[in-house]
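Here is the structure we will look at.
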Amino acid sequence: MKKSVNKTNPRLTSLIVMLKDASRTHEAKIWREIAKRLDSPRQNYAEVNISKIRRYANEGETILVPGKVLGSGLLDLPVKVAALNFSESAVSKITGADGTCMTIEELVRDNPTGSRVRILR
């Protein structure tokens, strides 16, 4: 029998519900995939460094990290990054390169169809 574990973080549970709802209403499979990844155990969350964002980011895209963005590496490209959490050094490096840091909730509100979004993990 599968053990049922509920998330205790109220922000995370409301985010998962919001992502599933956005996936249904806007027919965007990206939000269902992100909800599935956030519903998994926390040890499976993505931890992405700035250097990886620099390597895979293209002009005009938004980078989505279903986990935490860490500050190792250099960033010289202005990118929009949405994530569950950011380290302090990651925020300073992204904003220092004229980029923006946003939550996943803000990204869903700004881009409900999920177009031009790249998922990194």
Anything over 25 Å Cα to Cα? Flag those among LYS20/LYS80; LYS7/LYS29; LYS20/LYS93; LYS29/LYS93, in the order listed. LYS20/LYS93; LYS29/LYS93
Could you list which residues have their amide H under 5 Å from that of LYS80, counting only those 5 or more apart in sequence or on another chain, with H placed in the peptide plane? ILE63, THR100
Could you quote the convex hull projected area for the chain, Cα atoms only and averaged over all directions, in nm²? 7.7 nm²
Would you work out the charge dipole size for the chain about its Cα centre, treating the Cβ of every Lys and Arg as +1 and the Cβ of every Asp and Glu as -1, and quote it to the nearest 20 debye? 660 debye
Can you list the residues, at least 5 places off or on another chain, whose amide H is less than 5 Å from the amide H of ALA46, using H built in the peptide plane? GLY67, LYS68
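None of the figures in this text is laboratory data; all of them are computed from the coordinates on show. Being a predicted model, the structure only gives us computed values, none of them experimental. Neighbour counts are summed over all protein chains in view; Cβ atoms, including those assigned to glycine, are modelled from backbone coordinates with ideal geometry.
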